Structures are given as C-alpha cells and as structure tokens.
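Contents: one structure, followed by commentary.
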Protein chains: 2
Amino acid sequence: MKLTAIEAEAMRRVADHALDLHADGKDIVFTAAIVKDGTILVQARNEVGATNDVSRHAEVVAMARVADILGTRDLSGCTLLASCQPCEMCLGAMRWAGIDRVVFGAQQEYVDDAFFRFPQLRITDFHRACNGAFAWQGGVEEHRIAHIYAPGAAT
Amino acid sequence: MKLTAIEAEAMRRVADHALDLHADGKDIVFTAAIVKDGTILVQARNEVGATNDVSRHAEVVAMARVADILGTRDLSGCTLLASCQPCEMCLGAMRWAGIDRVVFGAQQEYVDDAFFRFPQLRITDFHRACNGAFAWQGGVEEHRIAHIYAPGAAT
C-alpha cells in the first residue's frame, strides 16, 4: 500500500512522539495519530497507566478523540497510524469505527510478544477473517523506533 | 466449564438487564457484569451510542468500572459475563485486564454476523492463539435472550 504525503508526515510525528516520550525514560510508550482529508486530526499516546482502563491504548484514545471532533463515531475515510502494530483489541476497535486503512511502525515479528494477547494470530489472519476489509502498511519509520518495542523490552 | 452459584446468578441478571432494555423498544442492547470472590461487582450496558466511543461495549465499560472500584487494572480472579459472545475487541480487553474466565449468553453461531468484526475467527481460534489462557462457557440463559441478537436483528 502506498502512503499519502500526509500519512507519511503523520507517521514521522508518531515516531517522534514515541521517541520523545521514551527519552523521558520511564515506560514503553505507544503513540498513534489519525489522518483524514489531508489533515492530521489528532495525536495520542497510551493512557492505560493514567486511567487504569485497559482499553485506553493510543489507537483507541485517538479514535475516541476524533469521534468527539467530528461528532460521529463513524470514522470511515480516516487512516489510523500507530508506532507499533495495533493489538487485537485495537484492530477490533478500528473496524467498529469503520476505518479501513492502517499504517504502523514496529511490526509484530520484531516486537515483544507481550504486546499482543493472542500472539499466534497475525494481522494476515485478521485481514482474512474479515474478507480483506482493511488495507495496512507496517514497517514505516520502523528503523527509528523498533528498539522501543524489541523483544525483551517488556520485561 | 461449571459455573459457580454467583456466576449463574450474575448471568440471570445480565439476561434480565438485556431483556428490560430491549423491552424499552429502541436498540439492540448488550449487557455485562463482573463477578469476583462471590460478589457481583458491577453490571453495565453498551454505552457506544451515549459516548460516540466505539470501545464502550458493555464488557469494556464493566472492566473500566471494576478497575475504578478495585483501584487496579489487574482484574485477575474476576469472571466476565456478557449477554452475547464478546467480540474480538472485548476478548482482547479481557486478556489485557488479566481475566481468564468468561461466561456469555448468545453464541456466535446463533447471532447476527454484524456483531463481530472478524467473523471468520471463532472463540476457539482466539483460545488456541493464546495457548488456552482463558476458560469460557457460552449459551447460558441463551434461550431467554437469543432473539435479541438473532440473524437479521442488526438490520
């Protein structure tokens, strides 16, 4: 899948955001953004720690914020961008929001298994299980951020 | 899997709750509860419509509330109960919360495909993909509530 210029710019910012937060030294931080019609509508980070709500992954936070901005939960026409391959929960939320385009940095093959809850299912399995209802591109800006999520990072 | 007495009671209430809301006539309503140590900690309903947040399925709402009550997002030792088989997003959230026991009413085989976003993946696939890290029992109180979620209900 070929990225648009604004998607490529959004992924640079998503990566910058993850690197900035990671440089602060504490947690492993996941970041996300949403693009629509040539505009980056939001950037977000994982807020699970801040809220105690396990659903507050960066992608879900971003989708909730865009729904507020647009006044609808139908986010069709949006692209979801994430620093790390979205987990199974986030892929589900993406599909509930009607998003059919997702771009991410670190790919499952190169990240810690702890960042997935059904690690033996791959994005190809999810793609097949909805008759290919979304398009995706992984590995974007991966060289800059893969070390944040690498095997062993979660322990 | 054999239900405990409190789990069976919680499922009766989850079904009652769904039937009550459905009787009000508007939407298809999904309900959930969480049990721990012989107590029903919360009952919840789908709040997607009220919040525009696609993640606010009844199960996710219930988990967020219990995390608030217990002061931790680690919900290990809890049982998640739902009127309809949890979707892929909710199964993911359940695993992020550390819940390894789930009980539900209407089973995927008998409900509208629209209630799943990767309908060709079944709960057995998710079970296998995490090396059987959770136990489940479907079909509880199903005879009372299956009609709410039956094929065609979503259209």
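Each reported figure results from applying straightforward, stated rules to the coordinates on display, with no laboratory input. None of the values given here were measured: they were computed from a predicted structure. Here the Cβ is made from the backbone with ideal geometry for all residues, glycine too, and neighbour counts use every protein chain on show.
Miscellaneous remarks
- log₁₀ of I(q)/I(0) at q = 0.07, 0.09, 0.16 Å⁻¹ - the protein assembly as shown, Debye sum with one point per alpha carbon: -0.26, -0.43, -1.34
- Each Cα pair under 8 Å and six or more residues apart adds its separation to the average, and for the stretch B:1-101 the resulting relative contact order is 26 percent.
- Label zone (B:Ala23, point 7 Å along Cα-to-C-beta; backbone nitrogen cut-off 20 Å) within the stretch B:43-58: B:43-46.
- Exposed-loop-free span, longest in chain B, where trypsin sites (Lys or Arg not before Pro) count as exposed if DSSP calls them loop and at most 11 other C-beta atoms lie within 10 Å: B:27-155
- Segment B:Glu109-B:Arg13, extension gain: residue separation times 0.36 nm, minus the distance between their alpha carbons: 32.3 nm
- Between copies, A:Ala114 shows label-point distances of 4.1 nm, shortest first, with the point placed 7 angstrom from Cα along Cα to C-beta.
- Distance from the Cα centroid of the stretch A:1-65 to that of the stretch B:76-155 is 29 Å (rounded to whole angstrom).
- Computed from phi, the 3J(HN,Hα) profile of the stretch A:96-107 under the Karplus parametrisation 6.51, -1.76, 1.60 (θ = phi - 60°) reads 4, 7, x, 7, 10, 8, 9, 10, 8, x, 4, 9 Hz, with x in place of Gly and Pro.
- The Rg/Rh ratio of chain A, with both radii computed over alpha carbons and Rh defined as the Kirkwood radius, is 0.93.
- Whether the stretch A:96-153 is rounded, prolate or oblate, judged on the alpha carbon gyration tensor where a/c under 1.5 counts as rounded: oblate
- The calculated FRET efficiency for B:Lys2 paired with B:Asp74, based on their beta-carbon distance and R0 = 30 Å, is about 0.75.
- At R0 = 30 Å, FRET efficiency that the Cβ-Cβ distance of A:Thr39 and B:Ala50 yields, to 0.05: 0.65
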